[in-house]
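Notes for the one structure printed next.
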Amino acid sequence: MCTYNYGVRIDLHTHSLCSDGTDSPAQLVGKAKAAGLDVLGLTDHDTVRGWDEAARAAAENSVRLVRGMELTTEYAGVSVHLLGYLFDPDNGAIRSHCARMARERRERAQKIAEKLARDFPFSFSEMAARIPPGVPLGRPHIADELVRLGIVPNRSAAFASLLSPGSKYYVRGYAAYTPEAIEWINNAGGKAVVAHPKAEKRGRVLPDAALFALAEAGLFGVETDHRDHSARSRRELSELARKAGLLRFGAGDYHGRGKPNRLGEYTTSARVLEELRKNTFLPIAE
């Protein structure tokens with residue numbers, strides 16, 4: 001078993017084109033290597049489809065891979081992105097969640113596309129035909145299509161306007177109950193971490209009390225260092241994590257061309273990685 005020294009660079013939150021990123025899993029690993037990362041976490045939304053390709057590329061590039069997934073959940077009326085790490089992908093609850101999210105996400109995207117088509121030259125079928133087979137279709141792909149059509153300048157602008165919760169084109173989506181999703185991850189031999197809980201520009205943020213409640217439900221850690229957190233939020237989250245007994249994570253939340261986030265923009269410490277890997281179903285791919 002490898003023990004990580006304190007000079008390693010670790011980014012445990014990234015996305016490939018298997019969800020809403022723009023790089024293949026192999027390309028993502030190659031870019032992680034070029035960015036000087038030693039350990040990469042692949043955490044596509046509600047799918048583990050990219051794990052095998054990423055693991056092969058990681059072995060070829062001498063990058064250690066932490067296999068994970070970002071689960072779509074909700075707690076106290078707030079959207080909670082829950083990172084699950086090193087769990088058994090064949091766990092029944094996990095598999096059911098992924099299958100349901102794929103169905104729900106496509107149905108939601110179709111409803112949004114139908115609304116957009118009333119005012120713009122937007123075709124759901126033409127957009128869907130450009131998505132790689134097996135990739136869960138969702139709002140980021142609608143955003144990219146809006147960019148391609150010249151309706152908005154970039155993905156961020158799409159989410160800030162036509163795809164925002166206040167837009168007439170918005171359709172509410174399904175999300176699992178966060179404590180239940182934490183239980184799924186733990187029962188599958190993994191560990192759960194809340195991503196960017198104080199990202200104000202994304203909408204309502206998670207109340208401080210919720211972190212304590214989720215810690216009681218088995219949450220392992222919280223992403224304190226993220227580009228969508230202000231300096232004040234990062235300080236406050238660090239103190240909340242200490243009081244709640246949660247480990248502190250930092251990450252780039254890289255999506256390729258889809259967002260300005262950079263690989264390794266924020267990182268996780270080697271000490272936290274050592275705690276994360278203990279007694280999990282999956283090892284870190286060396």
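At-a-glance table
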{"read-out": "Alpha carbon convex hull of the chain, projected area averaged over orientations, nm²", "value": "13.9"}
{"read-out": "Largest-first ellipsoid semi-axes for region 1-141, taking √(5λ) over the Cα gyration tensor eigenvalues, angstrom", "value": "31, 18, 13"}
{"read-out": "Probe 1.4 Å - accessible area at His15, Å² to nearest ten", "value": "0"}
{"read-out": "Lys pairs under 15 Å by Cα in the chain, provided they are eight or more residues apart or on distinct chains", "value": "4"}
{"read-out": "Computed [θ] at 222 nm, deg cm²/dmol, the chain (DSSP H ≥ 4; -39,500 (n - 2.57); rounded to nearest 500)", "value": "-11500 deg cm²/dmol"}
{"read-out": "C-alpha center-to-center spacing [region 261-286, region 71-99] in angstrom", "value": "18"}
{"read-out": "Length gained when the stretch Ala99-Arg232 is fully extended (0.36 nm per residue, less Cα-Cα span)", "value": "44.1 nm"}
{"read-out": "Measure of compaction for region 65-148 (Cα Rg per 2.2 N^0.38 Å)", "value": "1.28"}
{"read-out": "Rounded D (µm²/s) - region 243-286, Kirkwood Rh over Cα pairs, Stokes-Einstein at 4 °C, 1.567 mPa s", "value": "104"}
{"read-out": "Spin-label model distance (nm) - Ala76 vs Lys278, 7 Å beyond Cα toward Cβ", "value": "2.8"}
{"read-out": "Linear extension gain, Glu286 paired with Lys168, 0.36 nm per residue minus alpha-carbon span", "value": "37.7 nm"}
{"read-out": "Computed lengthening from Lys243 to Arg9, 0.36 nm per intervening residue step minus Cα-Cα distance", "value": "81.6 nm"}
{"read-out": "Estimated FRET transfer efficiency when R0 is 35 angstrom, pair Leu149-Glu183 (beta carbons, to 0.05)", "value": "0.25"}
{"read-out": "Apportionment of accessible area to carbon and sulfur, the chain, percent (1.4 Å)", "value": "48"}
{"read-out": "The chain: antiparallel DSSP beta bridges as a percent of all, rounded to 5", "value": "45"}
{"read-out": "Fluctuation leader among Thr47, Thr14, Thr73 - the chain, Gaussian network, Cα springs under 10 angstrom", "value": "Thr73"}
{"read-out": "Accessible area of Tyr266 in the full protein assembly, 1.4 Å probe (Å², nearest 10)", "value": "60"}
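The values are calculated or read from the model by the stated rules, or taken from the named source; none is laboratory data. Note that the structure is predicted; figures quoted are calculated from it, not measured. Note that each Cβ is placed from the backbone with ideal geometry, even for glycine, and that neighbours are counted across all protein chains shown. Just so you know, the surface numbers come from the protein's heavy atoms only, side chains and all, with ligands and any DNA or RNA stripped out. Shrake-Rupley method; radii C 1.70, N 1.55, O 1.52, S 1.80 Å.
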